[in-house]
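Throughout, read-outs are computed from the coordinates displayed, never taken from laboratory work. Worth saying up front: this structure is predicted, and the values here are computed from it rather than measured. Using ideal geometry, Cβ is built from the backbone for each residue, glycine included, and neighbour counts are taken over all protein chains shown.
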Amino acid sequence: MAHGETVPMPEAPPRRAGGIGPLLRSQMRNIAPFLTLIFLTAFFALASPSFATLDNVGNILTQVSVTGIIAVGLTFVILCAEIDLSIAAIANVTGIAVAFFTMQDSYVNIANLPMPGFAAILLALALCALLGAVNAFGLTVIGIPSFIMTLAMMQIAAGISAMLVRGQIAYKVPPIITTLGSSSIAGIPWIVIVAALMLLLGHLVLTYTRFGRYVYMVGGNREAAEYSGLNVKLILGSVMVISAVCSGIGGMLGVAHFGSAQQNEFDTYLLDSIAAVVVGGTSLFGGRGGIGNTIVGLFVLGVLNNGLDHVNIDSFLKILIRGLILLAALVINVYAQRLRAKAAD
Amino acid sequence: MSDSRRPLLELQDITKSFGGVTALRGVDFTVRPGEIHGLVGENGAGKSTLMKIIAGVHTGFSGRFLLDGREVHFRSVRDARAAGIAMVHQELSVAPDLTVAENVFLGNQPTNALGVVQWRRMAREAAEQLKNLGIDADPMSRLGDLPIGLQQLIEIARVLFSGARIIILDEPTSALSPPEVERLFSTLRKLRDQGTGIIFISHFIEDILLISDEVTVFRNGRKIMETRAAETSKAALIEAMIGKGRDALEDSYTHDITLPAPPLDKPVVVEADGLSLARNLKRVSFAVRAGEVLGIYGFMGCGQLELARILFGKLAPDTGELRVAGERNRFKSTADARRAGIAFVPESRRDMLFLQEPVYKNVSISILDRINAVLLKPARERALAKRQVEQLQIRPADVEIDLGLLSGGNQQKVALAKWLSHPPRLLVLCEPTRGMDVGAKSDVIGIVRKLRDQGIAVIVLSTEPETVLSLADRVIVLKRGEVVREFAGEAISKDRLLEAA
Ligand SMILES: Nc1ncnc2c1ncn2[C@@H]1O[C@H](COP(=O)(O)OP(=O)(O)OP(=O)(O)O)[C@@H](O)[C@H]1O
Ligand SMILES: [Mg+2]
């Protein structure tokens, strides 16, 4: 291939379009959430003396743990440019299921099926994996958009929850779940450790495995992934199952953490988990972001929720403030995409 | 002579860099009214970059930009539009979810006094305009559902009929078959005669000579030649573009060449038996042997796109079967086809590349499972990608750069590169040289021949007779979904091929 000889190479090109401006713009989706976090932390630390204490840091970590566990799986889904609206409902039904298969105290009026702890846990995990598989089937085989499919699943999971507890409340879960959900080791709550480990595992899978690369590529350009000979349906199906299983684990530990299993217990976790992923900067269009972003997003939400409790404002106003911050994050998310496209110019 | 007239557009000493890559160095460029100005140059020479400056896409550059003799500073594409400049981009930029009619009128739909879009009028006028270009498409159908060539024509139509004074066409004919090119050219001549200034970029030197009044050659970001089209030749242009001694590169296939006898002693790699698909394919049968390049030629819409997708498991045929190495195969996904040893390059770049990912990830995507079952090995990936980048002369030779920053032709090379690290059993290439400069084309021809000689079966599908003729050992012609002619071991030429189609 001789014609290269006639083409004098221009001076050694840099790795990317250089200059600090374009770099900043192309990294906007990582920088903006981080600045938000620093700003919020500084603000609350100044506004309230009780905010920046070691105790409170522990509180924040504990408060974001269940959301964090659920958000691991959701990150995979959003990276593929899909959505899972059934995460909270699946968390709920898995938590209820594990209680349903555990011997309850006699005053609890639920027709349950007590069995050994490990069996209860396995059955509960099987249930959430199965629900995830149904999501996967609807999305990939039938071709129902994930938005609709998981909306239906949200209802189905809520229905199963309702039938299992019939308006009652169960309290007992297998001892290992109780430990992981509500006790500490060396002053660190187990639930924080579990959340950290799951986030780490998610990060390793996304960054260092072939499957992780496929997730990014499918999210980046699904058509191209298909023409590259990737099994796109298998990858999409897998992320739906991963999301459901993460939700299930979050649900079981959550039940232990709250000390009860009942209907509608996890409703706020749907919005919180989506917010954590998106606020962190993972692109809603797929292919950009990751667990690192989700962690920053979790802290932004955690600091915000916790910090608002430390300053003296109207509790109804707090809801509005959270909404506005979420809106701002969405605007940044969408603009980051465009800025990146323009950064090269 | 148009030269005596005042230039419509004058660019003086234009320099443009992207970070450390200088795409243009002190370029002068002039377009006069009533002139078709051909622009040629190898991949990455800076043609598209200059056009994007004219069309207001790139706003940061140095040099003077004069319109009607007055200096202008566009801040956006909109400014350029308002000044009467319209551009057909190299990458298709249509709105696939809108209707054909909406795409034709994008941005200036006819409205009534109340500002309500007049749908009926829009559909009627769109149909009329398209007919001028010989396009027969339902104005109300969704554009994304049409074949890519037709989408390209509709984008061209939008620009041609937008009333612009300066029209830029960046490789507009890459997806068109000869009759459409013909009609496009007669429309361009009409516009020129009305005083429009037209810039026409193409890697088909013959087309450039045929349609242009003036020709400019770029090389490595510099303008190195400008001449009247009537006073130059194909050989001279190619020499200016890529240097001496390469003028025999582009055979024009006007005379007969003889195809080799099929290698009957070699095993059949893939056999299609009576493939039918809705209205697109009717009982198509053929076989490809190891070490053979089968060309499949036909005009746009002849069913070759569908055929290619069946071969790669993206579409399932209604009836008929596909045998790979003698075994009946029903691919349920493209992954099945890849595992069966089939590689595929679709005709549209957008569909096969990850523009936001670095070059090496684009090259390695199809062989990750061969590198390691579970883990990524980025160092191996980079090494493999570097080897391909060198072999295919991809510029800039940097595997870390985002793919989207490469010039169109270089992106096309990456699309081919990703299948070469692990040679497949069957390589299916749709329009493999689309958008490549003459040097790159001949490189691709060399690579395909080498693969063939290693015993790989190759199928080349194209609407360009030259592509098929330069690569194929045997040719079948598709017409409205049917095989109408096979050329094997006999004389063939462009005319014979066109006649059969
Ligand atoms: N946005 C960008 N950022 C960085 N580099 C760029 C960008 N756009 C173009 N380039 C570089 O500028 C050079 C010229 O590219 P350009 O697209 O103008 O080439 P071209 O002549 O149109 O080539 P082709 O025939 O392949 O389309 C190439 O080296 C390309 O990689
Ligand atoms: Mg170009």
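Just going by the charge dipole of the protein assembly as shown, with Lys and Arg at +1 and Asp and Glu at -1 on Cβ, which of A:146, B:225, A:174 is farthest out on the positive end?
The listed residue farthest towards the positive side: A:174.
Give me a single rounded figure for A:218-224: the average over its residues of other chain Cβ atoms within 10 Å of their Cβ.
Going residue by residue through A:218-224 and averaging, the value is 5.
May I ask you to work out the translational diffusion coefficient for region B:385-501 at 4 °C, viscosity 1.567 mPa s, via Stokes-Einstein with Rh from the Kirkwood sum over Cα pairs, reported in whole µm²/s?
After rounding, the answer is 84 µm²/s.
Shielding of B:336-342 by partners, i.e. mean partner chain Cβ atoms within 10 Å per residue?
Working: counts 2, 1, 5, 2, 1, 0, 1.
Partner-chain Cβ atoms within 10 Å, mean over residues of B:336-342: 2.
Please turn the phi angles of region A:244-258 into ³J(HN,Hα) values with the Karplus equation 6.51 cos²θ - 1.76 cosθ + 1.60 (θ = phi - 60°), one per residue in order, whole Hz, x for glycine and proline.
In residue order, the calculated couplings are 5, 5, 4, 4, x, 5, x, x, 4, 5, x, 4, 5, 5, 6 Hz.
State, to one decimal in nm, how far the label point of residue B:72 lies from the label point of residue A:305, with both points 7 Å from Cα in the Cβ direction.
With each label placed 7 Å out from Cα toward Cβ, I get 5.5 nm.
So, in Å, what gap is there between the alpha-carbon centers of region B:443-501 and region A:28-57?
Region B:443-501 and region A:28-57 have Cα centres spaced 66 Å from each other.
Where in region B:257-281 does the label zone of residue B:486 land, with the point 7 angstrom along Cα→C-beta and an amide N cut-off under 15 Å?
Zone members listed by number: B:260-266, B:268-275.
Taking every pair of alpha-carbon atoms in the protein assembly as shown, give the share separated by more than 46 Å as a whole percent.
34
Measure out, as a whole number of angstrom, how far apart the alpha-carbon centroids of region B:107-127 and region A:139-218 sit.
If we compute the Cα centre of each part, the gap is 52 Å.
Arrange the peptides A:168-178, A:286-296 so that the one whose residues have, on average, the most other Cβ atoms within 10 Å appears first.
My ranking of the peptides, most packed first, is A:286-296, A:168-178.
Could you work out [θ]222 nm for chain B from helices alone, using -39500 (n - 2.57) per DSSP H run of at least four and dividing by all its residues? Round to the nearest 500 deg cm²/dmol. All intermediate terms of the calculation are to be shown ahead of the outcome.
Details: 17 runs with 156 residues, N = 501.
Helix contribution divided over all residues of chain B: -9000 deg cm²/dmol.
I need the peptides A:61-69, A:123-131 ranked by packing, meaning the mean over residues of other C-beta atoms within 10 angstrom, with the highest value on top.
A:61-69, A:123-131
Mind checking B:376-382 for the average number of partner chain beta-carbons within 10 Å of each residue's beta-carbon?
2
By count of other Cβ within 10 Å, fewest leading, how are A:190, B:119 ordered?
B:119, A:190
Do the alpha carbons of any pairs in B:16/B:47; B:386/B:413; B:413/B:450; A:233/B:314; B:131/B:190 sit beyond 18 Å of each other, and which pairs?
Violating the 18 Å limit, Cα to Cα: no pairs.
Counting Lys +1, Arg +1, Asp -1, Glu -1, what net charge surrounds residue A:308 among other residues with beta carbon under 12 Å of its beta carbon?
0
Could you pull out the trypsin sites (Lys or Arg not before Pro) across region B:186-275 that fall in loop regions by DSSP (anything but H, G, I, E, B) with no more than 10 other Cβ atoms inside 10 Å? Numbers along the way, then the final one.
On the way: sites: B:189, B:190, B:192, B:219, B:222, B:223, B:228, B:234, B:244, B:246; in loops: B:244, B:246.
Qualifying residues, ordered by number: B:244.
Just to confirm a number: summing +1 for Lys and Arg and -1 for Asp and Glu over residues other than residue A:95 whose beta-carbon lies under 15 angstrom from that of residue A:95, what do you get?
It works out to a net charge of -1.
Can you run phi through the Karplus equation (6.51, -1.76, 1.60; θ = phi - 60°) for region B:318-330 and list ³J(HN,Hα) in whole Hz, with x for Gly and Pro?
Per residue, the Karplus-derived 3J(HN,Hα) values read 5, 9, x, 9, 10, 10, 10, 6, x, 9, 5, 10, 10 Hz.
Return the sequence-ordered ³J(HN,Hα) values of region A:282-289 in whole Hz as given by the Karplus equation 6.51 cos²θ - 1.76 cosθ + 1.60 applied to θ = phi - 60°, using x for Gly and Pro.
5, 6, 5, 8, x, x, 10, x
Tell me the Rg and the Dmax, in Å, that the Cα atoms of chain A produce.
Rg and Dmax of chain A, Cα atoms, are 22.2, 88 Å.
Report the charge-dipole magnitude of chain A in Debye, nearest 20, computed about the Cα centre from +1 at each Lys and Arg Cβ and -1 at each Asp and Glu Cβ.
500
Just the C-alpha atoms of region B:58-203: what Rg/Rh do they give, with Rh taken as the Kirkwood radius?
0.98
Summing +1 for each Lys or Arg and -1 for each Asp or Glu, what net charge is found among the other residues whose Cβ lies under 10 Å from the Cβ of residue A:216?
+2
Can you list the residues, at least 5 places off or on another chain, whose amide H is less than 5 Å from the amide H of residue B:269, using H built in the peptide plane?
When sequence neighbours closer than 5 places are left aside, the close amide H contacts are B:288, B:289, B:290.
Consider all pairwise Cα distances in chain B and report the whole-number % of them above 37 Å. Before the final figure, lay out each step's value.
Values: 37799 of 125250 pairs.
In whole percent, the long-distance tail amounts to 30.
Could you work out the relative contact order of chain B? I mean the mean sequence separation of Cα pairs under 8 Å and 6+ apart, divided by the number of residues, in percent.
Reported relative contact order: 17 percent.
Given labels modelled 7 Å from the Cα in the Cβ direction, how far is it in nm from residue A:50 to residue A:126?
With each label point 7 Å from Cα toward Cβ, the separation is 4.7 nm.
Show me the three semi-axes of the equivalent ellipsoid for region B:207-340, from the C-alpha gyration tensor (sqrt of 5 times each eigenvalue), largest first, rounded to whole Å.
Value: 42, 18, 16 Å, ordered largest first.
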